[in-house]
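Right, one structure below, let's go through it.
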């Protein structure tokens, strides 16, 4: 049972983050949601509007958890976004904004919450992407940020162990917005369908729970088998 345990989930106003927060709340966790958007969940959770790429905002966020919840058992670093444009058009400010939210935020959050996580013998889960391994054109900043998360994941696992476990989930195609999906979109996946946010949430729930106590420093690719499938042009 998760009664009394506290989880902080970033980027949880919608999509994968929202599904993770809802899953943990349903399992009895006390959930704190952090997101830049102004929103309120329809399940029990404390919502904090915060930009987790900002050092002062992260310090205030973690201080609020310290003062309000008094502990932190799980940190789920999900906040992220993409800017898709040719590299010749990508400004340094845009590059830095993507890396700030997608990668640096995890460093800031873990650094600020290290003592709480160690005290609780807690767990960190970062949400990367299969784009850490393969790319579409014009996604340099996003792919770099997700690849950086993979390296940061195993570095943190070694530095924080044995007190804190750190693992990474790399989703593939997850339908977060109710897309108009075609039969061929589902059929191209070895499992026969496009992913759903709940697929990621179920894995995160296991990774922050006691049954994964022997698992750290690992990446879990959640893509319906797509990155294992050889695809040739006709």
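The values are calculated or read from the model by the stated rules, or taken from the named source; none is laboratory data. All of these numbers come straight from a predicted model, not from anything done at the bench. So basically every Cβ, Gly included, is an ideal-geometry build from the backbone, and we count neighbours across all protein chains shown.
Just a few scattered comments:
- Scanning the range 39-84 for residues that are under 21 Å from residue 15 (Cβ atoms) and surrounded by fewer than 15 Cβ atoms within 10 Å (Cβ to Cβ) turns up 39, 40, 42, 43, 44, 49, 81, 84.
- Positions within the range 166-209 being touching a residue at least 24 places away in the same chain (Cβ under 8 Å) and part of a helix (DSSP H, G or I), in sequence order: 197, 198, 199, 200, 201, 202, 203, 204, 205, 207
- Answer residue from the range 198-232, given it is modelled with pLDDT under 95 and touching a strand residue (DSSP E or B) at 6+ places or on another chain (Cβ under 7 Å) and is farthest from residue 72 (Cα to Cα) among those: 227
- Residues of the range 7-40 that are assigned to a strand (DSSP E or B) and out of contact with any helix residue (DSSP H, G or I) (no Cβ under 8 Å at 6 or more places or on another chain): 30 alone.
- Subset of the range 129-167 (residues that are touching a strand residue (DSSP E or B) at 6+ places or on another chain (Cβ under 7 Å) and over 25 Å from residue 209 (Cα atoms)): 132
- Filtering the range 46-56 for residues that are closer than 19 Å to residue 155 by Cβ, modelled with pLDDT of 95 or more and either in a helix (DSSP H, G or I) or over 14 Å from the mean Cα position of the chain (by Cα) (or both) leaves an empty set.
- Filtered residue count, the range 100-137, keeping only those that are at pLDDT below 95 and assigned to a loop (DSSP other than H, G, I, E, B): 6
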